Amino acid sequence: MSASAAATVVTAAQKAQNFASQTVETARTEVLKEPLGFIKILQLFLALLAFATAASGGSELAFNIRCSNTSVNVLYIGKYNYPYDLKNAPLNPKQKECSDLKADRTTISTDSKNIVSSAQFFVFTGVTAFLYSIAFLIIYIFFRHKYNNIVYFPLIDFVSTCIFSIFWFAGSIAWSKAVSDLQHYTKLEFIIESMSFCNKININCYGNKNPTYTNLIVSCILGFGNLILWIGDVWFVIKETSWYKLRNQMSQESNVTSNNPISTSDINISAHYNPNDKI
């Protein structure tokens, strides 16, 4: 490495060190005790929990078929995972099927409706809200002076908070409906009734293992929790915008003027007549 290149590296390292030290010195952790920062922490954790539980809601189901004229039971196992595309979720026998019977499909369902798109949108909203909360927490703590002095920071924060409120509203409703549909299509009673060979005479189909929906239900609750947090945060963010502060200042000045009106006694008007004055 040449001397000039080494000097350039040393200079860049010194600048980075100075920037880091200045950033640490200007850090304001007390903002985390204010509503603006405290709510952002709650948004971060709730968004993380929401998309984590929604993406880990996979489960397994199973049912048995008793072969006709025999005592052989065939176990069928179905598994589904995020993004919950039931049309491609496998449903296969664990052992060899009965000689006189064959399943009419190898997937849990032939219809997934809008489950996949709703799941993906909900997880997308959760991930982006999580990353956004981290980014603005860093701005609140280390660059609070720039947040207060640069007009665009509070405005971007306000607009983004409104957008995420809309996303959480639409995503939570769509995801709740998708979870309801998922429960319907993965219910053992529905699957057994939809299998044509289970409706044949002398064929006994019965449930063996029901799927679990705990994570999915919790994710729906967390989705609406995020919605409440983001809508509530709109008020605290809008108070940081310059046009709200200007309007508040003008309102205060107007109140001061109305509370202290100018009376005629405060006005001293004196008139002096001089006959020598010419009009």
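The values are calculated or read from the model by the stated rules, or taken from the named source; none is laboratory data. On a predicted model such as this, the values are computed, not experimentally measured, just so you know. Neighbour counts are summed over all protein chains in view; Cβ atoms, including those assigned to glycine, are modelled from backbone coordinates with ideal geometry. Each accessible area value is taken on the protein alone, full model and side chains, heavy atoms only, with ligands, DNA and RNA left out. Shrake-Rupley method; radii C 1.70, N 1.55, O 1.52, S 1.80 Å.
Here are some notes:
- Some residue of region 136-148 being open to solvent by 70 Å² or more (accessible area, probe 1.4 Å), part of a helix (DSSP H, G or I) and under 30 Å from TYR82 (Cα atoms): no
- For region 176-235, a tally of residues being among the basic types (Lys, Arg) and either in a helix (DSSP H, G or I) or in contact with a strand residue (DSSP E or B) (Cβ under 7 Å, 6 or more places away or on another chain) (or both) returns 2.
- Matching entry among THR125, THR161 (being among the polar types (S, T, N, Q), in contact with a Gly (Cβ under 6 Å, 6 or more places away or on another chain) and crowded, with 18+ Cβ neighbours inside 10 Å): THR125
- Any hit, region 192-200, residues being aromatic (Phe, Trp, Tyr) and open to solvent by 80 Å² or more (accessible area, probe 1.4 Å): no
- Number of the condition not met by SER176 [criteria: (1) modelled with pLDDT of 95 or more; (2) of a type in the set (Ser, Thr, Tyr); (3) buried (at least 20 other Cβ atoms within 10 Å of the Cβ)]: (3)
- Conditions (1) open to solvent by 60 Å² or more (accessible area, probe 1.4 Å); (2) modelled with pLDDT of 90 or more: number failed by ASN114: (2)
- Residues within region 149-158 that are touching a residue at least 40 places away in the same chain (Cβ under 8 Å), open to solvent by 60 Å² or more (accessible area, probe 1.4 Å) and part of a helix (DSSP H, G or I), tallied: 1
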